[in-house]
Amino acid sequence: MLRKPLLLPLYTLVTCCFALLPHTLGGEPGPVYSRLTAHEWGTFTSIADSTGRAAQWSPLTGSTDLPAFVEHFQNAGFKLGLRGTVRMETPVLYLYDSREETVSVKVAFSKGVITEWYPHASRVEPAANIFDGTLYQPHADGSIAWDSLIVSPSLRAEFPRENLDNHYYAARMTSSTPLRVKTPAGEQQEKFLFYRGVSTFPVPLSAKLTTAGKLLVENRSEDEIPNTILLERRGEQVGYRIGGALPKDVVLGVPELTATIDDLGRDVEGMLVFQGLYQDEAHAMLETWRGSWFEEGSRLLYIVPTAFVDGVLPLSINPAPSQTVRVFVGRLEIVTRATEKAVERALVTHDSATPKMYGRFLEPILATMIQEESNPARVQQYYQALNSYFSSEVAHNRRRD
């Protein structure tokens, strides 16, 4: 019998209630499923430009945070010049079944390209080389397919594992049914299907700072945004404001930095359960992205409407599951004055640690600062910092190749 999550209005209470379910307790048998069930989570990450919309940037710069067994389009270093508006981060597709079954899965990606995946896929398209600018020219949508995926509840697998600290492995901490894929090099086993990509589609909302320092959030999709959270972290200080559902637009005040990461994590996890994920799936998603979602800076997290997800990332599974749940979190990074001051101060004092905290967002942050600055000397300083950033990324990618 399929499990159905309780739809309680209090997110924290939901999380606590689900923590008591037997499937999350160590040593307890997993649930029994009468038919194939599919649950998926993922993240669409962008950074807002001065108009509040998703900016064009190089979202795949920075360190690769994936184990070596994960497969890449071309090679791990090709991504430096790949620009887009959205970094699709780690969609994880869980399958549940009470019997061994062969399943085919295909995901298309509007205006995008699939960049990483595991296990081995039957096809990843387009097969042609992708280079800077390609995503902004007419081209076929990206896609990935697994033609003969064996869902095997009796499998007692030894899943691949390298660096024990890699957050990739957090996604395995669920009761999902193990999967097997036969490849020319042998059989691969995993607890889920994993893939990533980059696209140029416009995200479903915009977020622009007002002259009063508040955030104007506008829903640009045809569907209600189920929930929003504005959060900010400065060092060890954390604050967040839950905006709730967004039918049209809302103005959010700057959150006071009086909360804790644990409080924030519980509320986010509860939101994910409320949207339909099982509690162990929601916890796995939170643990996968805790270090990224709650890092230094300001950002808006929001639940992406299911219809929007299905439109930009259509999923087909054969045989069709009796239940399919897809929960995607949108992340829109906000370049606030506090962020600009932190980067500016770091450049003046030759502090190399602070810019590193902003990682792949440093390029669009500096680009925003250049656009806003009228002092020629400072503009030159920001350009020098930007060139230095690109040079370090090129050197890093060459070493990685």
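The values are calculated or read from the model by the stated rules, or taken from the named source; none is laboratory data. As the structure is a prediction and not an experimental result, all values here were calculated from the model. Using ideal geometry, Cβ is built from the backbone for each residue, glycine included, and neighbour counts are taken over all protein chains shown. We work out accessible area using only protein heavy atoms, side chains counted, and drop any ligands, DNA or RNA first. Shrake-Rupley method; radii C 1.70, N 1.55, O 1.52, S 1.80 Å.
Note on the chain: Cα convex hull, mean projected area over all directions, 19.9 nm².
Sparsely packed loop sites in the stretch 165-235 (the GluC sites (Glu not before Pro) outside DSSP H, G, I, E and B with at most 15 other Cβ atoms within 10 Å) comprise Glu222, Glu224. Counting every pair of alpha carbons in the stretch 133-204, the share spaced more than 14 Å apart comes to 71 percent. Of the Cα atoms belonging to the stretch 227-362, the radius of gyration and Dmax stand at 17.2, 60 Å. When its C-alpha radius of gyration is set against 2.2 N^0.38 Å (N residues), the stretch 126-268 gives a value of 1.47. Note on the chain: with charges restricted to the Cβ of Lys and Arg (+1) and Asp and Glu (-1), its dipole about the Cα centre is near 260 debye. Percent of Cα pairs in the stretch 327-378 per distance bin of 10 Å, from zero to the largest separation: 22, 54, 18, 6, 1. Residue by residue, the stretch 104-111 carries 3J(HN,Hα) couplings of 10, 9, 9, 10, 9, 9, 4, 6 Hz when phi is fed to the Karplus relation 6.51 cos²θ - 1.76 cosθ + 1.60 (θ = phi - 60°); x denotes Gly or Pro.
For the set Lys191/Lys248; Lys248/Lys341; Lys111/Lys208, the pairs lying more than 28 angstrom apart at their alpha carbons are Lys191/Lys248; Lys248/Lys341. Please identify, among Arg266, Arg83, Arg345, the residue showing maximal mean-square fluctuation in a Gaussian network model of the chain using a 10 angstrom Cα cutoff. Per the Cα network of the chain with a 10 Å cutoff, Arg345 tops the list. One chain, two ends: Ala157 and Arg35. Fully extended at 0.36 nm per residue, the span grows by 41.7 nm beyond their Cα-Cα distance. Note on the chain: antiparallel DSSP beta bridges, both residues inside, total approximately 85 percent of the bridges counted. Database remark: amide H of Ser98 closer than 5 angstrom to the amide H of Tyr33, Arg35 (H placed geometrically; neighbours at sequence offset of 5 or more, or on other chains; Pro and chain starts carry no H). What the stretch 218-300 shows is 39 Å² of accessible area per residue, with the surface traced by a 1.4 Å probe over protein heavy atoms. Helical content alone sets the calculated 222 nm signal of the chain at -7500 deg cm²/dmol, taking -39,500 (n - 2.57) per DSSP H segment of four or more residues and averaging over every residue. Would you be so kind as to identify which of Gly42, His283, Leu272 lies farthest towards the positive end of the dipole of the chain, taking Lys and Arg as +1 and Asp and Glu as -1 on Cβ and the Cα centre as origin? Of Gly42, His283, Leu272, it is Gly42. A 1.4 Å probe run over the stretch 322-401, with the rest of the protein chains in place, finds 52 Å² accessible per residue. Across the stretch 219-305, the mean sequence separation of Cα contacts (distance under 8 Å, 6 or more residues apart), normalised by length, yields a relative contact order of 39 percent.
When the chain is modelled as a GNM with alpha-carbon springs shorter than 10 Å, which of Asp141, Asp165, Asp263 fluctuates the most? With Cα springs under 10 Å in the chain, the top fluctuation among Asp141, Asp165, Asp263 is at Asp165.
What you get for the stretch 202-252, charging only the Cβ of Lys and Arg (+1) and of Asp and Glu (-1), is a dipole of about 260 debye around the Cα centre.
Surface calculation, 1.4 Å probe, protein heavy atoms: Ser50 sits at approximately 60 Å² accessible. Ranking Leu93, Val105, Val327 by Cα position along the charge dipole of the chain, where only Lys, Arg, Asp and Glu carry charges on their C-beta atoms, puts Val105 farthest toward the positive end. In this structure Val304 has an accessible area near 0 Å², from a 1.4 Å probe over the protein heavy atoms. Close amide-amide hydrogen proximity is noted between Val327 and Glu40, Trp41, Gly42, each under 5 Å apart and 5 or more residues distant or on a separate chain (H modeled in the peptide plane; Pro and chain starts excluded).
Only protein atoms count toward the accessible area here, which uses a 1.4 Å probe; on the chain, the carbon and sulfur part of that area reaches 53 percent.
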